[in-house]
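Contents: one structure, followed by commentary.
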Amino acid sequence: MRVNVEVNGEQRTADDVWPGESLLYVLRERLGLPGAKNACEQGECGSCTVYLDGTPVCACLVAAGQVEGRSVRTVEGLGSAEELDPVQDAFVRTGAVQCGFCTPGLVVAAHDLVHRKPDASDAEIREALAGNLCRCTGYEKILDAVRMAAVAVKEQRS
Amino acid sequence: MTTTTQQPLITNVTGGVGDSPMRPDGAQKTRGEFAYSSDLWADDMLWGATLRSPHPYARVKGLDITEALKLPGVHAVLTHEDVPDNIYGLEHPDQPVLAVDIVRYQGEPVAIVAADHPETARRAADRIVVDYEVLTPVTDAEAAMRPDAPVLHPAHEGGNIVRHAPIRFGEENPVADVVVTGEYTVGMQDQAFLGPESGLAVPAEDGGVDLYIATQWLHADQRQLTKALAMPEDKVRLHLAGVGGAFGAREDLSMQVHACLLALHTRKPVKIVYGREESFFGHVHRHPALMRYEHGATRDGDLVYVKAEIILDGGAYASTTAAVTGNAATLGAGPYRVPNVRIDGYGVYTNNPPCGAMRGFGAVQACFAYESQMDKLAAALDMDPVDLRIRNAAERGTVMPTGQVIDSPAPVAELLELVRAKPLPAIPTGPRDLRELPGGVSNTTHGEGVVRGVGYGVGIKNVGFSEGFDDYSTARVRLEVIAGEPVVSVHTAAAEVGQGLVTLKAQIARTELGVQRVQIQPSNTFVGSAGSSSASRQSYVTGGAVRAACEEVRAGVLELAAARGFAATGLAGGKVVSATNEVLADLVDVLGDEVVERTVEWRHRPTAPLDPVTGQGFAHVQYAFAAHRAVVDVDVELGLVRVVELACAQDVGRAMNPDAVLGQIQGGSAQGLGLAVMEEIQVVDGVVRNPSFTDYLIPTVLDMPPMTIDVLERADPHAPYGLRGVGEPPTLSSTPAIAAAIRAATGLALSRVPVRPEHIVGA
Ligand code: FES
Ligand code: FES
């Protein structure tokens, strides 16, 4: 089947999509956007998190056909070629990136949180990121990154 | 088009040894642009899939691939008959690339398929008909050691015992005032790296193959590949693709040979990516352990002896079982002064999933047992458990049970003092936030039945490869002028697995050569081996190699300077300088068009094999230590545990990159927490019951508490910059500290990790 979808502001078309393919597979293997990761493909790790019509979802759990005519924003669509998004920048600065396989999913989840709720408490940050597994960092520096990004977003707004 | 072209990493321009510059790959990783092994892509590429045995032990009586080959889109179906040399193994070649007439564990690869879509490849694999005669699996490691057990590897001498590592130290029958005994078990832990096993094999025009792969050790993979493929080294070229974590699980081969066979057979690039379920079958795990300990002490609390039997279930193939057994035995008495030690470590073949390297490598299991024993002994002596540990703590000069003298700082007592001195988190009063209670937002308690406990643990880990292994790394360093600036290029084959070695190599080059611009070349087999990114060894060994190569480059530059009439003795800030740091000339002018390049193979001081009867010998190049204090809240009615806080203190010799050191301590502690309270591969009759992240739980951000960390820097005079390996020690001591805290809260003996709710409420 053919799938038409807006990805990072651009209209894209994927052909020969099998009915069983996920949004994650289409992004990674058909549209050349491997940023969203494939750590479990079971909806358990959050490494594949992307925005679908503005809401973070696990791309591995979304059937490709479901995104027809909708809008997807991936980690590649945050920031610009010249400048990292403040969330991305905070992840690099705080040392929240080790192997980095969890990072794209966490960046999208954190991006959503700091824009929805820049004043989130630590408990709220933890709750918001509970669906994103990281095996390397023990999460401490990821919390630092989210706190730093929240400050940057608040500064942008004021 | 392919996505396999590899570019050097351009690093920040500042940050030497002791600084924490940002990772050179960090921005790419946050943008989603860093090419992991599962992200690779080539024109006309095929997908590989693997058919695996559903049985833990069976005879293969027939294999029919006809129906699989008929499926449109299938390009190849290969079996053992297509493997030039079918036996491989990291330490002991005992494992078939594809099963021949017997399968020895559930998940053993039997056949491989290449097709134009991953789903086609999987469906084709399903069409392969295998006629199995199911055998009764050997699943109990202790039973497997008995002489009457079925022998799983007839070619191996010694029945199912892969290795017996005895340690005999001091008197044979020492007498103690107080004796405590215990039997401890550790479940099978998975490394659970997030980036699944994956890679892309590209057939080359010269008849060879280029493999883009996530691994811990390119040259060990290459060595095993050239044997299996029966091809010369220059025809099997490996390139490190982005690695999504490792923790030991990428030491052994997974899909490497399979992808190369399919690529060579089809003459097309072949990509293989495991899903999460397959990943649980695609790599070795942490050895489950059964450990019987006896500690004897004087009434004053001085250790008199430690006796132990440690049985490690190695599963179906040897992998690194022998080395893991050596570690468990040699480190089995812990970081203590013990005058008499008798330990028998056994690594055993069974039909359980193969076990091998995981962060901590045998030292984790032993640490849980000896630290549990120290708590038990403290209780028997009516002593404070930290006081007992400090009283017996190893220090510089302590003789280990192998007879090896600890010849560099060993601040074990100080580490314990540091974690003990941390203020304890307040016990909350009044209404509690559900998120801070055991059970969390499941709303299982509002504080009723919740009891707090505090526990301690300290551990000892060897750094680097031990027991006489020729442990070295190779670095090629090049200095030249590019666009009017001096630029250093560092090339090694070392695997960046997330730990930050790419950052560190640049820091060393900057420090040694006084140059700002450093490029880190992609890791591949076009330079000599760097050894494995394991055993907490890369900062030490590849760090040592990079430094040594930089020193030779510096000497080369100083010769150039001398030829130009400058009596220079060093490089700093892009200048050549005199002994009194006086600037003599610009490095750019001294270099001119010259390129100074040196390749150095660097070794740490040699270690020695253990005596096979007494276990005596200078087996380990370096010891490393960390201590933890854990604070837990336990819902004693439901058996739910929440770790409230972890305090850690670790000696790192020299904090080469302080931020990265913290990251290792935090991440390592989290894996120890996982082993303490949640992580276990459930194996029943040789069959894995929970191969998914739904059923195999690793800590989330809600499970991992805030940490306080103290980093000591007591230089090891034998190591480059005085550094001490960092990655593994924090994984050792967090587990027993948490178990001790749960014991303190519940009053239960708890001799097994992970501690499950039924161990608390069903006891
Ligand atoms: S890959 Fe989608 S949740 Fe893990
Ligand atoms: S940085 Fe490796 S999984 Fe998070």
Given (1) more than 11 Å from ligand 1 (Cβ to nearest atom); (2) among the small types (Gly, Ala, Ser); (3) at the interface with chain B (Cβ under 10 Å from one of its Cβ atoms); (4) in contact with a Leu (Cβ under 8 Å, 6 or more places away or on another chain), where does residue A:36 come up short, assuming only one miss?
-> (1)
Residues in region B:701-724: is at least one within 14 Å of chain A (Cβ to nearest Cβ), within 16 Å of ligand 1 (Cβ to nearest atom), touching a helix residue (DSSP H, G or I) at 6+ places or on another chain (Cβ under 8 Å) and closer than 30 Å to residue B:439 by Cβ?
-> yes
Test for residue A:156: is it away from ligand 2 (no atom under 11 Å from the Cβ), polar (S, T, N, Q) and surrounded by fewer than 20 Cβ atoms within 10 Å (Cβ to Cβ) | yes
So, of the residues in region A:84-106 that are within 7 Å of chain B (Cβ to nearest Cβ) and of a type in the set (Val, Ile, Thr), which turns out to be farthest from residue B:501 (Cα to Cα)?
-> A:103
Qualifying positions in region B:434-473 - of a type outside the set (A, V, I, L, M) and within 13 Å of residue B:644 (Cα to Cα) | B:435, B:436, B:438, B:439, B:440, B:452, B:453, B:455
Where in region B:448-524 are the strands (runs of 3 or more DSSP E), entirely inside, with at least 2 residues that are out of contact with any Lys or Arg (no Cβ under 9 Å at 6 or more places or on another chain) and surrounded by 24 or more Cβ atoms within 10 Å (Cβ to Cβ)?
-> B:450-463
Out of (1) more than 13 Å from residue A:108 (Cβ to Cβ); (2) surrounded by fewer than 21 Cβ atoms within 10 Å (Cβ to Cβ), the odd one out for residue A:21 is which?
-> (2)
So which residues in region A:60-84 are assigned to a strand (DSSP E or B) and surrounded by fewer than 23 Cβ atoms within 10 Å (Cβ to Cβ)?
-> A:63, A:71, A:73
Pull up region A:128-146, narrow it to residues that are free of Cβ contacts under 8 Å to residues at least 24 places away in the same chain and away from ligand 1 (no atom under 16 Å from the Cβ), then point me to the one that is surrounded by the fewest Cβ atoms within 10 Å (Cβ to Cβ).
-> A:143
Give me the pairs, please: first residue somewhere in region B:242-257 and part of a loop (DSSP other than H, G, I, E, B), second residue anywhere and basic (Lys, Arg), beta-carbon distance under 8 Å, and either six or more positions apart or on two chains.
-> B:243/B:250; B:244/A:37; B:245/A:135; B:247/A:135; B:247/B:359; B:248/B:286; B:248/B:359
Looking only at region B:674-686, decide whether some residue is surrounded by fewer than 24 Cβ atoms within 10 Å (Cβ to Cβ), at the interface with another protein chain (Cβ under 9 Å from one of its Cβ atoms) and within 22 Å of the chain's Cα centre (by Cα).
-> no
Under 6 Å by Cβ, and 6 or more places apart or on different chains, what pairs join a residue from region B:1-18 that is at pLDDT below 85 with one that is of a type in the set (Ser, Thr, Tyr)?
-> B:4/B:212
Scope region A:119-130; condition closer than 22 Å to residue A:76 by Cα and either more than 8 Å from chain B (Cβ to nearest Cβ) or part of a helix (DSSP H, G or I) (or both); matching residues = A:128
Looking for whichever is buried (at least 24 other Cβ atoms within 10 Å of the Cβ) and in contact with a strand residue (DSSP E or B) (Cβ under 8 Å, 6 or more places away or on another chain) here; the options are A:43, A:105, A:95. Which one fits?
-> A:105
Given (1) within 11 Å of ligand 1 (Cβ to nearest atom); (2) more than 11 Å from chain B (Cβ to nearest Cβ), where does residue A:12 come up short, assuming only one miss?
-> (1)
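Of the residues B:204, B:155, B:176, B:149, only one is modelled with pLDDT under 95, farther than 30 Å from residue B:731 by Cβ and out of contact with any Leu (no Cβ under 8 Å at 6 or more places or on another chain); which?
None of the others qualify; the one that does is B:155.
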Unique match (being part of a helix (DSSP H, G or I), touching a residue at least 40 places away in the same chain (Cβ under 8 Å) and of a type in the set (A, V, I, L, M, F, W, C)) among B:369, B:318 = B:369
For region B:58-73, does any single residue satisfy the condition of being closer than 25 Å to residue B:349 by Cα, of a type in the set (A, V, I, L, M, F, W, C) and in contact (Cβ under 8 Å) with a residue 60 or more places away in the chain?
-> yes
Among the residues of region B:661-669, is any of a type outside the set (Gly, Ala, Ser), modelled with pLDDT of 95 or more, surrounded by 24 or more Cβ atoms within 10 Å (Cβ to Cβ) and under 30 Å from residue B:278 (Cβ atoms)?
-> yes
All-but-one check, residue A:31 against (1) within 13 Å of the chain's Cα centre (by Cα); (2) more than 11 Å from chain B (Cβ to nearest Cβ), failing number (1)
Can you tell which of B:394, B:379 is under 21 Å from residue B:181 (Cα atoms) and of a type outside the set (S, T, N, Q)?
-> B:379
Kindly establish whether residue B:195 is touching a residue at least 60 places away in the same chain (Cβ under 8 Å), within 23 Å of residue B:525 (Cβ to Cβ), outside any strand (DSSP E or B) and not hydroxyl-bearing (Ser, Thr, Tyr).
-> yes
Determine which member of the set A:50, A:57, A:26, A:87 is more than 16 Å from ligand 2 (Cβ to nearest atom), closer than 19 Å to residue A:105 by Cβ and part of a helix (DSSP H, G or I).
-> A:26
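The values are calculated or read from the model by the stated rules, or taken from the named source; none is laboratory data. On a predicted model such as this, the values are computed, not experimentally measured, just so you know. Cβ coordinates were reconstructed from backbone atoms using ideal geometry, including for glycine residues, and neighbour counts include every protein chain displayed.
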